[in-house]
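I have placed the structure first, in the form of structure tokens, so that the comments after it can refer back to it.
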Amino acid sequence: MTLSNANLLYIEDDPEIGAFIHSELKSRGYEVTWLTHGDSALEAANGCNLVILDVMLPGLDGFTVGQRLKKQYPHIPILMLSARASIDDKLQGLQFADDYLTKPFHPEELVARIEVLLRRSGAPSSTPLQIRHLLIHEKENIIMNQDTGEEILLTGKQFHIFQFLLQHLGQILTKEQIYEGVWGEPYLDGDKTLMVHIRHLREKIERDPASPEIIETIRGIGYRVRA
Amino acid sequence: MRKTNWNKPKFRNSLLSRYMLIIAIAFLFIPVVVPTGLLLSLGVNYLLFPEKKLEQPQLYNSVDLEEMWHNEARELAHQPQPETIDAKLKEIKAKYPEVSLFWVDGEERTRLQLPKQANLPANWSTEDAISYMKTASNNNTFGVVAFISEKTDEPGGEGFMVLRISREYLRRGSSPDASFYGFFMFCMLVIFILLSYLFFRNIRKRLLNLESGMTRTNKNGLPVRIAQGRADEIGRLEQAFNHMVDKLELGKQREQEEEKLRKNLINNLSHDLRTPLTVLSGHIYTLEKEPLSSEAHESLRLMKTKMNDLDHLIDHLLSYNLLSSGRYAMSLKQQDVLRIVRVSAAAWYPIWEKSELEVDIELPEEPLIWEVDEQAFRRVLDNLFQNLHRYASSGKYVGISTVLRNGQLALLIADHGPGFDAPTPSKGAGLGLTIVDLMMKQMKLMLEIDSSSEGTKIYIYPASRIS
């Protein structure tokens, strides 16, 4: 279910790491454009789905390139790669970047994060997402129950919560993160609104709402939807 | 130039000189104030009671009268003829109609009386003179006796002359004319006090301004420059204060530059160490996909483990360097630590799941507010979870909860591993825990480790609330 044939722009000056990641990503079916400096990044980013950006670059540094990219293409997600570990760097990077990964990293982790970012940015995926008995056509906002063959209709808030969980497929999200992601305002302690919405959502999408399979409760932490 | 200006204030600018000026003006004004007050009071009196002024009989000053009388007697001593004396007395009587006069010649006979007085003897014996003198001046009457001679106090053989006047025609000590005089003096005093008050109030206001300026700080925690007023003592204090603020800012700036330099150095070092590590791990990953013997796979697995250890070690070393030099800038904020714990646990959950650990998280709904730096607290948790994963996975359990510890709510991270005393397969936990210790100290948190072969319990709670 990889979102293959996505166009990736990869900017990395180290030839050895670059060659390795480039071939690794290609072998997974992505279209990859590899640049060794950020000077022509703006032109190259035109039409791509995601940018992987190294911080330490000759000439323009990764932060500058990233900020310019974000300004011109606000909808293209940026994944920063860095061998610099300081927290300041990370914070500076996350001001515009959508994710941040420190070297050395496992290629699997890189791919997993690319997948999350592509899904979150709503990259066109014509192939519907299959989760248990649900078939989700993200483009058309249609959720089909394959057990009954009927479409599941959700209210606005239910849909937003489910969409938010799908965008972070495989990740555990805390109550606060979901609430703030969906409502866009700070979570107030003891607020039961989210739990009520999730209960109603489960009643609609789960086979057995008493033992949910799609929206997992991770006790003490939050919720997770796994592919 | 500036230095001399600093140490030696110009006298004319000083507060002392200004206060001296006020005092001096006050003193100089006394000779002006007294007659001015008098004139004003007379003026006001005249304006308010003009008719009273007209009714008033002519008033005399007793001293003036006495002096005049003695002067006349001295004059008459040069021409002691009775006619001259009579004429003179008449002249005086015309000038001072309220007085009564008479004179006694050398033969002790009473001569001219103006007006005629009943109780005077015609011839003065010594007894008569003494008894008269006793009564000449009394409560109702003011009397002056002058001998007609060069020295009017001693008899010169030409006799003596007497002037008497009822005391009601004499000016008393406080005449009704001066009733406003006190009022004007009082006004002057009030003006002086008011000026002094304004002077000191101004000083006080400026001192308070200075104080509030010193306590106000900008976003860097440094005091703010204050507006400089007049160049007196307080003005120079303000100037000195601003000078100090400039010095502080300069120092802060230098410190920030040094910090930046150091951070850059560490970042570059981190980059230079990690880049080859990334290349190595990439090649190991490629090799893993090749068909290899089981020995080769085993050695690849070992290489991978060591690579991870090396990565963490680099991370720890760099963090330790920053922390131990006090360069790790924390921004402590009152916040819910349980929220941070949940986010951190969410990140570790897949790893625990993979290692088949039983995860038992029991955190209350209510927030647990501590003053921490979010990143540093995350890092403390990450280090603890990392250690737990590495050395206590065999216990197949991780528990995160809150318990009462020493009378306050503490965060408890528990495992069922072999404990801290168990021999560890690889070193490196020490540095990680040292970093945790340093960060906890900076956030004023306590870390208590309760370890046995049954498992380890780590308690975290704020240090400040113990006392």
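The values are calculated or read from the model by the stated rules, or taken from the named source; none is laboratory data. Only a predicted model underlies this, so the values are computations on that prediction, with no experimental measurement involved. Every residue, glycine as well, gets a Cβ built from its backbone with ideal geometry; the counts of neighbours run over all protein chains shown. Keep in mind that these areas ignore ligands, DNA and RNA; they rest on the heavy atoms of the full protein, side chains included. Shrake-Rupley method; radii C 1.70, N 1.55, O 1.52, S 1.80 Å.
Output the qualifying pairs, or none if there are none: Cβ atoms under 9 angstrom, residues six or more apart or on different chains, first residue in the range B:183-199 and closer than 17 Å to B:G43 by Cα and β-branched (V, I, T), second residue open to solvent by less than 90 Å² (accessible area, probe 1.4 Å) and not in a helix (DSSP H, G or I). Once the first residue is closer than 17 Å to B:G43 by Cα and β-branched (V, I, T) and sits in the range B:183-199, no partner that is open to solvent by less than 90 Å² (accessible area, probe 1.4 Å) and not in a helix (DSSP H, G or I) comes close enough. Of all the criteria given as (1) more than 24 Å from A:S121 (Cβ to Cβ); (2) away from every other protein chain (no Cβ under 14 Å), the one not satisfied by A:Q163 is (1). For A:K175, the conditions (1) more than 10 Å from every other protein chain (Cβ to nearest Cβ); (2) surrounded by 16 or more Cβ atoms within 10 Å (Cβ to Cβ) are fulfilled apart from (1). Tell me, please, whether a residue that is closer than 17 Å to B:F160 by Cα, assigned to a loop (DSSP other than H, G, I, E, B) and in contact with a Ser or Thr (Cβ under 6 Å, 6 or more places away or on another chain) can be found in the range B:90-111. No, the range B:90-111 contains no residue that is closer than 17 Å to B:F160 by Cα, assigned to a loop (DSSP other than H, G, I, E, B) and in contact with a Ser or Thr (Cβ under 6 Å, 6 or more places away or on another chain). Just to be sure, is A:L165 assigned by TED's automatic domain parsing to the domain that holds A:I78 and open to solvent by less than 10 Å² (accessible area, probe 1.4 Å)? So A:L165 fails the test. The residues on offer are B:S281, B:S293, B:S325, and the sole one that is among the hydroxyl-bearing types (S, T, Y) and within 30 Å of B:N220 (Cβ to Cβ) is B:S325.
Would you check if there is a residue in the range B:213-224 being in a helix (DSSP H, G or I), open to solvent by 40 Å² or more (accessible area, probe 1.4 Å) and either basic (K, R) or touching a Gly at 6+ places or on another chain (Cβ under 9 Å) (or both)?
Within the range B:213-224, the first condition is being in a helix (DSSP H, G or I), and the residues that meet it are B:213-215.
So of that shortlist, the ones also open to solvent by 40 Å² or more (accessible area, probe 1.4 Å) come out as B:214-215.
Filter once more, keeping what is either basic (K, R) or touching a Gly at 6+ places or on another chain (Cβ under 9 Å) (or both): none.
No; the residues of the range B:213-224 include none that is in a helix (DSSP H, G or I), open to solvent by 40 Å² or more (accessible area, probe 1.4 Å) and either basic (K, R) or touching a Gly at 6+ places or on another chain (Cβ under 9 Å) (or both).
Annotation: of all residues in the range B:258-282 being within 50 Å of the chain's Cα centre (by Cα) and modelled with pLDDT of 85 or more, the one that is nearest to the other protein chains (Cβ to nearest Cβ) is B:L261. A search for C-beta distances below 8 Å between a residue of the range B:330-348 that is closer than 15 Å to A:K175 by Cβ and any residue that is open to solvent by less than 40 Å² (accessible area, probe 1.4 Å) and acidic (D, E), counting only pairs 6+ apart in sequence or on different chains, returns B:R339/A:E176; B:R342/A:E176.
Could you pull out the residue among B:L265, B:L277, B:L237 that is in contact with a helix residue (DSSP H, G or I) (Cβ under 7 Å, 6 or more places away or on another chain) and closer than 22 Å to B:H312 by Cβ? Matching residue, one of B:L265, B:L277, B:L237: B:L277.
The criterion of at least 2 residues that are at pLDDT 75 or above, β-branched (V, I, T) and open to solvent by 60 Å² or more (accessible area, probe 1.4 Å) is met, among helices (runs of 4 or more DSSP H) falling completely within the range B:1-86, by B:15-48.
Checking each residue in the range B:99-119 for being closer than 25 Å to B:L170 by Cβ, open to solvent by 20 Å² or more (accessible area, probe 1.4 Å) and not basic (K, R) picks out B:S100, B:L112, B:Q113, B:L114, B:P115, B:Q117, B:A118, B:N119. Out of all the residues in the range B:326-384, which are away from chain A (no Cβ under 11 Å), buried (at least 17 other Cβ atoms within 10 Å of the Cβ) and either in a loop (DSSP other than H, G, I, E, B) or of a type in the set (K, R) (or both)? If the condition is that a residue be away from chain A (no Cβ under 11 Å), buried (at least 17 other Cβ atoms within 10 Å of the Cβ) and either in a loop (DSSP other than H, G, I, E, B) or of a type in the set (K, R) (or both), then B:L357 is the only one that fits. In this structure, B:L323 qualifies as more than 11 Å from chain A (Cβ to nearest Cβ), surrounded by 13 or more Cβ atoms within 10 Å (Cβ to Cβ) and either in contact (Cβ under 8 Å) with a residue 40 or more places away in the chain or in contact with a helix residue (DSSP H, G or I) (Cβ under 6 Å, 6 or more places away or on another chain) (or both). Apart from one condition, A:A112 fits all of (1) in contact with a helix residue (DSSP H, G or I) (Cβ under 8 Å, 6 or more places away or on another chain); (2) in a helix (DSSP H, G or I); the exception is (1).
Just one of (1) under 28 Å from A:Y30 (Cα atoms); (2) part of a helix (DSSP H, G or I); (3) free of Cβ contacts under 8 Å to residues at least 40 places away in the same chain fails for A:F105. It is (2).
If you take the residues of the range B:264-304 that are of a type in the set (V, I, T) and without any contact (Cβ under 8 Å) to a residue 12 or more places away in the chain, which of them is surrounded by the fewest Cβ atoms within 10 Å (Cβ to Cβ)?
That would be B:T286.
Out of all the residues in the range B:396-415, is one or more surrounded by fewer than 20 Cβ atoms within 10 Å (Cβ to Cβ), at pLDDT 90 or above and among the aromatic types (F, W, Y)? Looking for residues that are surrounded by fewer than 20 Cβ atoms within 10 Å (Cβ to Cβ), at pLDDT 90 or above and among the aromatic types (F, W, Y), one finds at least one in the range B:396-415, hence yes. Filtered by the rule that a residue be more than 14 Å from chain B (Cβ to nearest Cβ), open to solvent by 70 Å² or more (accessible area, probe 1.4 Å) and among the aliphatic types (A, V, I, L, M), the range A:187-227 gives a lone residue, A:A210. Suppose the filter is closer than 26 Å to B:R262 by Cβ and free of Cβ contacts under 8 Å to residues at least 60 places away in the same chain; does A:L94 pass it? Yes, satisfied.
Would you mind stating whether A:G170 is at the interface with chain B (Cβ under 10 Å from one of its Cβ atoms), loosely packed, with under 15 Cβ neighbours inside 10 Å and within 22 Å of B:A345 (Cβ to Cβ)? Taking the combined requirement at face value, the residue satisfies it. For B:R230, the criteria (1) open to solvent by 70 Å² or more (accessible area, probe 1.4 Å); (2) more than 22 Å from B:S325 (Cα to Cα); (3) in contact (Cβ under 8 Å) with a residue 40 or more places away in the chain; (4) within 10 Å of another protein chain (Cβ to nearest Cβ) hold in every case but one, which is (4).
A:T102 falls short on exactly one of the conditions (1) β-branched (V, I, T); (2) more than 9 Å from chain B (Cβ to nearest Cβ); (3) within 25 Å of B:L277 (Cα to Cα), and that condition is (2).
Number of residues in the range B:456-467 that are open to solvent by less than 60 Å² (accessible area, probe 1.4 Å) and modelled with pLDDT under 90 equals 1.
Please indicate, with yes or no, whether at least one residue in the range A:24-38 is within 26 Å of B:I314 (Cβ to Cβ), more than 14 Å from chain B (Cβ to nearest Cβ) and in contact with a Phe, Trp or Tyr (Cβ under 7 Å, 6 or more places away or on another chain). Looking for residues that are within 26 Å of B:I314 (Cβ to Cβ), more than 14 Å from chain B (Cβ to nearest Cβ) and in contact with a Phe, Trp or Tyr (Cβ under 7 Å, 6 or more places away or on another chain), one finds none in the range A:24-38, hence no.
Here B:D450, B:D437, B:D421 are screened, and the one residue that is open to solvent by 40 Å² or more (accessible area, probe 1.4 Å) and either part of a strand (DSSP E or B) or within 23 Å of A:I221 (Cα to Cα) (or both) is B:D450.
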